[in-house]
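Report on the following structure.
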Amino acid sequence: MKSPLLSLPGAVPAEGVDEGVAAHYGELYREQRALADGVGLVDLSHRGVLTVTGEDRLSWLHLLLTQHVSDLPVGQATEALILSANGHIEHALYLVDDGTTVWAHIEPGTQEALLAYLESMKFFYRVEVADRTEEFAVVHLPAGSIAPVPDGVVVRETAHGRDLFLPRAELEAYAEANGPAIGVLAHEALRVEAHRPRLGFETDHRTIPHELGWIGTAVHLQKGCYRGQETVARVHNLGKPPRRLVFLHLDGSEVHLPGHGTEVRLAADGPDGRKIGFVTTSARHHELGPIALALIKRNVPVDAELLVGTTAAAQEVVVEP
């Protein structure tokens with residue numbers, strides 16, 4: 001779905017999974033600084049929106065998700081995962097309950113598969129699941145923003161800001177009144193700085209929650225059974241996930257950012273050494289310069305200098321080995 005905000009002056013369309021919204025509006029670093037200062041809004045209208053209604057909605061979701069949601073307070077934001085039977089991450093949901101409905105925004109293009117899975121798990125529970133992507137657009141207001149929230153609009157508020165489930169027909173007028181609009185590249189740069197994983201970027205077909213630091217924020221270790229829970233418990237008790245997420249400071253002399261999947265090696269082994277991981281997301285930060293997140297083998301020393309392709313990189317620990 002193409003956002004109407006792509007018609008704003010300077011808008012450059014995003015590519016890949018973020019296609020449909022603006023990558024930036026002509027001034028990437030200015031947009032990042034504004035976002036960090038609590039100014040502007042990010043158009044995330046390409047993200048999927050699902051709702052769950054019915055009196056069993058929370059108890060039913062509690063059985064399916066990694067998060068404890070059976071008594072989720074009205075208005076309290078949370079995030080949760082859906083795992084495979086082997087404990088690998090399949091979906092990430094960003095949730096809030098408004099008292100009658102659970103609202104979730106999810107990665108672009110994943111709503112069809114997630115909806116099919118949820119429908120298959122309804123059984124006798126009194127719930128209704130709906131894809132509301134065509135009706136509602138996700139808009140992100142950064143922490144500290146004083147932009148008003150229209151009456152009746154559901155809000156998911158976290159330490160990083162507020163996500164509005166805005167009627168799609170109101171998106172253009174709301175952005176005009178509460179801009180400036182900020183592109184997803186600025187949003188991504190601040191996500192990388194905050195070490196927050198994203199489905200499809202930091203995950204692959206075998207990623208488990210422990211590798212990304214999603215334990216605690218999206219996984220509740222004291223709740224009952226859900227699909228993949230055995231893997232979560234076993235790895236938590238052993239304390240040995242096979243990989244770990246790291247934050248990288250990249251050599252700023254390089255012109256091009258490393259793409260997703262760029263191989264990571266130990267600097268001591270040189271560019272022809274053994275692969276120990278790969279870049280998941282890279283970004284240009286307005287203060288830190290080129291930065292990245294990467295998944296590397298758990299036993300790589302935390303003080304080891306790394307090579308991303310041929311670019312030198314220093315690591316910061318995100319997930320303890």
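The values are calculated or read from the model by the stated rules, or taken from the named source; none is laboratory data. Bear in mind that the values here come from a model prediction, so they are computed numbers and not experimental data. Here Cβ is always computed from backbone atoms with ideal geometry, including for glycine, and neighbour counts include all displayed protein chains. Accessible surface areas use protein heavy atoms only, side chains included; no ligands, DNA or RNA. Shrake-Rupley method; radii C 1.70, N 1.55, O 1.52, S 1.80 Å.
Considering only the stretch 147-158, I want to know if a residue exists there that is aliphatic (A, V, I, L, M), out of contact with any strand residue (DSSP E or B) (no Cβ under 8 Å at 6 or more places or on another chain), at pLDDT 95 or above and farther than 17 Å from H62 by Cβ. No; the residues of the stretch 147-158 include none that is aliphatic (A, V, I, L, M), out of contact with any strand residue (DSSP E or B) (no Cβ under 8 Å at 6 or more places or on another chain), at pLDDT 95 or above and farther than 17 Å from H62 by Cβ. Of everything in the stretch 12-58 that is of a type in the set (G, A, S) and free of Cβ contacts under 8 Å to residues at least 40 places away in the same chain, the residue that is farthest from S70 (Cα to Cα) is G26. Evaluation of E79 against the conditions (1) open to solvent by 20 Å² or more (accessible area, probe 1.4 Å); (2) assigned to a loop (DSSP other than H, G, I, E, B); (3) touching a residue at least 40 places away in the same chain (Cβ under 8 Å) shows that the sole unmet condition is (2). Looking only at residues in the stretch 209-252 that are open to solvent by 60 Å² or more (accessible area, probe 1.4 Å) and touching a Lys or Arg at 6+ places or on another chain (Cβ under 9 Å), the one that is farthest from L72 (Cα to Cα) is P242. If A173 satisfies all but one of (1) in contact (Cβ under 8 Å) with a residue 24 or more places away in the chain; (2) open to solvent by 50 Å² or more (accessible area, probe 1.4 Å); (3) of a type outside the set (K, R), what's the number of the condition it fails? Single failed check for A173: (1). Contact map, the stretch 302-321: residues that are within 17 Å of E263 (Cβ to Cβ) and among the small types (G, A, S) paired with residues that are part of a loop (DSSP other than H, G, I, E, B) and open to solvent by less than 40 Å² (accessible area, probe 1.4 Å), Cβ distance under 8 Å, separation 6+ or inter-chain. Pairs shown: G309/P258; G309/T262. On the basis of being of a type in the set (S, T, Y) and within 24 Å of V12 (Cβ to Cβ), does Y174 make the cut? Yes; evaluated as a whole, the condition is true for this residue. Residues in the stretch 176-194 that are open to solvent by 50 Å² or more (accessible area, probe 1.4 Å) and farther than 15 Å from P148 by Cβ: 3 in all.
Checked against (1) touching an Asp or Glu at 6+ places or on another chain (Cβ under 9 Å); (2) open to solvent by 20 Å² or more (accessible area, probe 1.4 Å); (3) modelled with pLDDT of 95 or more, E15 passes all but condition (1).
In the set (1) open to solvent by 40 Å² or more (accessible area, probe 1.4 Å); (2) among the charged types (D, E, K, R); (3) part of a loop (DSSP other than H, G, I, E, B), E202 fails one condition alone, (1).
Residues in the stretch 101-130 that are among the acidic types (D, E) and loosely packed, with under 15 Cβ neighbours inside 10 Å were compared, and the one that is farthest from G179 (Cα to Cα) is E119. Scanning the stretch 243-278 for residues that are under 15 Å from L307 (Cβ atoms), part of a strand (DSSP E or B), among the aliphatic types (A, V, I, L, M) and touching a residue at least 40 places away in the same chain (Cβ under 8 Å) gives V246, L248, L250, V264, L266. Considering each residue of the stretch 27-49 in turn, at least one proves to be modelled with pLDDT under 95, open to solvent by 20 Å² or more (accessible area, probe 1.4 Å), within 23 Å of V12 (Cα to Cα) and of a type outside the set (A, V, I, L, M, F, W, C).
Of all residues in the stretch 82-100, those being touching a helix residue (DSSP H, G or I) at 6+ places or on another chain (Cβ under 7 Å), outside any strand (DSSP E or B) and open to solvent by 10 Å² or more (accessible area, probe 1.4 Å) number 1. Count of the stretch 17-47 residues, restricted to those that are out of contact with any Ser or Thr (no Cβ under 6 Å at 6 or more places or on another chain) and over 23 Å from T203 (Cα atoms), is 19.
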